[in-house]
1. Please compute the Kirkwood hydrodynamic radius over region 3-203, one decimal place, Å, based on all pairs of different Cα atoms.
2. Kindly write out, for region 124-130 in residue order, the coupling ³J(HN,Hα) from the Karplus curve 6.51 cos²θ - 1.76 cosθ + 1.60 (θ = phi - 60°), rounded to whole Hz, with x marking Gly and Pro.
3. Give a residue-ordered list of calculated ³J(HN,Hα) values for region 82-98 (Karplus: 6.51 cos²θ - 1.76 cosθ + 1.60, θ = phi - 60°; whole Hz; x for Gly, Pro).
4. Show the residues, 5+ positions off or on another chain, whose built amide H is closer than 5 Å to the amide H of Asp209.
5. What is the packing order of peptides 5-15, 452-462, taking the mean over residues of other C-beta atoms within 10 Å and listing the highest first?
6. Using the Karplus equation 6.51 cos²θ - 1.76 cosθ + 1.60 (θ = phi - 60°), what ³J(HN,Hα) coupling, rounded to whole Hz, does each residue of region 147-153 give in order, writing x for Gly and Pro?
7. Where the centroid of each part is defined by its Cα atoms, how far is region 573-598 from region 368-443 in Å?
8. To the nearest 20 Debye, how big is the dipole of the chain about its Cα centre, given +1 on the beta carbon of each Lys and Arg and -1 on that of each Asp and Glu?
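Taken together, the values in this text are just the output of simple stated rules run on the coordinates, not laboratory data. Please read these numbers as outputs of a predicted model, since none were measured by experiment. No Cβ is skipped: glycine too gets one built from the backbone with ideal geometry, and neighbour counts run over all protein chains shown.
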Amino acid sequence: MTVPLQHRGPDDLGIEGGDGWSLGFRRLSILDLSPLGHQPMRSPDGSCWLAFNGEIYNYLELRRELERAGEAFQSGSDTEVLLRLLMRLGAGALPLLNGMFALAFVDTKRRSFMLARDRLGVKPLYYWDQEGHLRFASELKGLLACPDAPREIDRSAVAQYLALGYLPGETCIFEGYRKLPPGHVLAGSLDRPHAASPAPYWDLTLNDDPARRSATPAELDELESLLFDAVRIRLRSDVPVGVFLSGGIDSGLVAAMAAKTGQAPLALTVGFAEEQWDESALARTTAAHAGLEHRVIPQRAGGLSDIDRLAWLFDEPFGDPSALPSFTLCEAAASHATVFLSGDGGDEAFGGYRRYVESARREGLIRAAGRFGLALGAASRLLPQASLARYQLSKLSLPDWGAAAVFDELPDDPVMDDCIHPDLRPFLRNASSAVWERWRMSRGAPLTARQQKLDYSLYLPDDVLVKVDRASMAHSIEVRSPLLDVRIVEWAARLPRACLLDHAQGKLPLRALAARFLPEVTGQSPKRGFGVPLGDWFREPAGRAMVRERLLDRDSRERGFWNLNGVERILDLHSSGRSRDFGLLLWRLLMLEAWCRHYAAGPVQHSRAQSPLQGALA
């Protein structure tokens with residue numbers, strides 16, 4: 001199980017076990033590089049064991065409290081602090097942790113175990129329970145390494161992937177496997193580990209106050225203090241630390257706060273040849289203003305040829321094309337440092353996505369359209385299936401302000417029926433249920449709050465954080481995100497939503513901080529993302545040839561996931577340039593096909609598990 005996880009932890013390997021349990025760990029050494037930081041880590045009396053992937057950023061503060069309580073430490077690692085806390089408090093230790101983690105704790109005296117995942121889901125944790133056994137791993141490929149691991153594809157999961165571009169919640173692509181949700185613990189007996197059920201230890205409540213006001217100067221001072229401390233504790237490392245610096249305010253503020261600590265980490269920016277994506281000039285201005293050394297990493301020309309590498313890396317079908325530049329950035333950055341700070345999390349906490357602002361601006365239209373949903377839906381079905389007008393009317397026809405839930409992309413795309421195999425169509429009818437179930441749960445809350453709740457429960461943990469974790473760990477580097485500090489997330493959640501955004505722009509508190517610490521040009525720059533020219537790629541001869549070669553060959557036909565004639569029609573429409581842009585849909589189909597080549601074939605051997613609880617973390 002540890003072998004396919006080596007990229008996550010190339011520095012050390014540990015395997016331990018006892019009566020009814022076994023743990024494997026691959027270590028990426030960051031704190032206390034000596035053998036004293038080896039994992040799985042044993043308690044002084046030998047009764048408790050811990051395997052732990054991630055970082056506890058406030059470990060020094062927790063250590064001082066434990067020392068006052070009489071604990072004596074042998075190492076300088078956060079792992080030992082966590083082990084002692086879990087021995088004292090069990091699951092009661094989890095709310096004290098400020099960090100990102102997936103952990104496995106075994107108490108041989110009490111014959112108990114505990115698996116837990118950090119509040120926001122930065123670090124992954126997959127598990128499988130069957131026939132009295134419970135297995136877990138940081139990546140699905142660790143579980144699939146077991147000789148008797150089943151590989152029965154869940155066709156409803158395939159439909160969910162095609163609708164959303166990722167697999168939501170606990171859903172896994174193979175039947176019988178699950179993901180421990182963020183902010184949850186799975187605890188039970190070593191003698192009956194399969195009987196344990198996930199339980200939450202944290203939940204985020206967003207302020208529903210409709211008051212329209214700006215953040216006060218005192219509140220901004222508090223945010224500045226929180227952000228400075230979040231950056232300060234994330235700079236704790238025994239290996240080199242850098243900052244991923246774009247031209248925006250999120251990473252700019254992180255870089256400015258890092259400089260304010262006096263540690264002055266190296267600032268790295270990815271440079272694009274295409275002017276519309278390149279932010280290196282803005283980043284250079286920010287770095288110079290903060291007094292940081294700055295380097296621009298030319299973006300390697302990532303393209304369609306990288307599909308197979310990404311498919312293996314992500315374990316499950318993953319259709320966010322920004323994984324491609326994220327992967328190549330981390331590949332280049334690995335030669336400069338082992339730990340990097342990033343600006344991830346600012347958009348979710350502070351209402352920075354375009355869909356938040358545009359939905360607030362067009363709330364009247366969304367509300368009015370909902371009242372005529374049936375009529376708009378009927379009108380949309382009179383239009384050509386692949387037309388942009390039908391796609392937009394289908395969004396507006398959704399009830400309960402549903403257009404705001406899927407503002408950027410409609411999961412129930414009218415063309416999907418034409419693309420997929422008839423046998424898969426029944427599963428497509430419920431493919432977006434994860435979105436609508438969560439959307440219904442927030443009914444009655446302000447529109448922005450509903451959008452944020454949806455993103456915190458789906459898009460952030462299942463898309464954004466999966467992308468960052470896999471892309472960084474593929475190259476044995478660690479990415480830390482100060483704006484995902486639980487104190488900042490909860491601080492922003494306590495404000496009225498109108499403090500975060502207006503009808504012109506989002507992230508108003510961060511913009512106010514940017515006026516204090518960043519050059520004026522940085523604070524005023526438009527938001528950019530990691531763009532990928534999918535539309536152009538699939539209109540070029542090489543792109544069209546790849547679609548035909550991959551999706552229309554014999555092996556692809558035998559898998560029975562798509563309608564070959566439908567895919568060919570979509571490719572022809574896209575190539576003509578006279579219809580909607582179908583680049584993202586074609587990318588998803590290619591990623592699914594590439595995933596199948598890695599994971600959906602091969603003989604399965606059968607053997608009996610050696611112990612009821614088995615796990616490998618890295």
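1. Values: mean 1/r = 0.0569 Å⁻¹.
Taking the inverse mean of 1/r over all distinct Cα pairs, region 3-203 comes out at 17.6 Å.
2. x, 8, 9, 8, 9, 10, 6
3. 4, 4, 5, 5, 5, 5, 7, 10, x, 4, x, 7, 4, x, 7, 8, 10
4. Amide H neighbours of Asp209: Arg497.
5. Packing order, densest peptide first, comes out as 452-462, 5-15.
6. x, 9, 5, x, 9, 8, 5
7. 19
8. Around 980 debye, computed over the chain.
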